[in-house]
Amino acid sequence: LGALLAVAAYMLCSSTALIANKVAISHYSVPGALFVLQIVVTVLFIRAGAALRLLAADALDKENVKIFVPYICSFVLSLYSNGRALAAANVETVIVFRACSPLLVSILDWFFLGRELPNLRSLAALLGVVGGAIGYVCADSDFAVKGIRAYFWVTVNLLGIVFEMTYGKRLISKVKFESPVWGAVLYTNALALLPMLCTAALSGELARVPALEVSPLGTAWVAVSCVIGVGISWSGWNCRSKISATAYTLLGVVCKFLSVFINMLLWDKHATGIGLVMLSLCLVSSSVYQQAPMRAQKIKDELESSANAPSRTVLGAAEAQDATQEEMQSIIRDVDDTPDA
């Protein structure tokens, strides 16, 4: 029952987050200012919950803050560019570009983080994503009118996400939280508040806020986006801890399809029929992708397999196998003690 509730909560938040932000930004075209408000609401929620002892969150630590700084830079870049992308393009365009992130991540993982290159199954999945993305671009009316300029912010958003998924995640993995869920959420939002505020100010959005025409409907959607912002932070970590990595990945794909479906029901600001087919190809292909193992881990697995294999020699088989296993286990320990590349 706990896993089912976790999945339901994550699906609700994940499938509606893009839609809520898109509609809120369509009413108030100041995405940076909107994200400042969402961050403030999230931090206040955690602080209030901690004060009432409804939840626990780690206090800010100077050393941990230093580790978080590069990740916060990528987080703010991803969040702001996501808002600008939603203001300039439809939801499906943002999803298509996000679906391309495994391609870039797999290359960076191999080059910088010591992983193997994708296997044939994952390579076919990545090619399917690329083919779907190219087909989507060719069918997109914005590309026909504006050319490559139509994809500036979604490209920036993609690059920010790729950094978060590689270098940024590697950095924050060094931080040990007593409360892994709310501690990580508090650090991310509290440290992102000032940079996002500066970004909104430098872009001129804060100066435009007083002149905005306030409407009850627009304000309601802003409130909804703030609630979902808190919910997605908690539900993502909670759901990840209750189901397998494969199930979590497939669930993310289902949520994106739900986002597209809700977007089509909500208004006419969505992709063409061909574009939706290409988007489906991207999402289905991404669900087939499997992350490559670490190169050191692959060596370890091969050594363990060899060590556990029965000896083919009849005479002295037990002695030979014991000696082989002892030798292999020694090498495996050396692999375990070697830092990741």
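The values are calculated or read from the model by the stated rules, or taken from the named source; none is laboratory data. Bear in mind that the values here come from a model prediction, so they are computed numbers and not experimental data. Cβ atoms come from the backbone with ideal geometry, glycine included; neighbour counts cover every protein chain shown. Quick note on the areas: whole protein, heavy atoms, side chains included, nothing else; ligands and nucleic acids left out. Shrake-Rupley method; radii C 1.70, N 1.55, O 1.52, S 1.80 Å.
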Beyond 19 Å, how much of the Cα-Cα pair distribution for the range 1-71 remains, as a whole percent?
62
Sorted by accessible area (1.4 Å probe), largest first, how do GLU178, GLU63, GLU92, GLU164 line up?
GLU178, GLU63, GLU164, GLU92
Under a plain spin-label model, where a point goes 7 Å from the Cα along Cα-to-Cβ, how far apart in nm are VAL254 and VAL40?
3.7
Once the principal axes of the Cα atoms of the range 75-143 are found, what is the range along each, listed largest first in whole angstroms?
38, 30, 13
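Size of the dipole of the range 39-102 about the Cα centre, Lys and Arg at +1 and Asp and Glu at -1 on the beta carbon, nothing else charged, in debye to 20? Could the numbers behind the result be given before it?
Values: 6 positive and 4 negative charges, 21 e Å.
Using Cβ point charges on Lys, Arg, Asp and Glu, the range 39-102 gives about 100 debye.
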Any idea what the alpha-carbon Rg over 2.2 N^0.38 Å comes to for the range 167-211?
1.60
Would you compute, for the Cα atoms of the range 197-245, the largest minus smallest coordinate along each principal axis and list the three values in descending order, in whole Å?
47, 28, 12
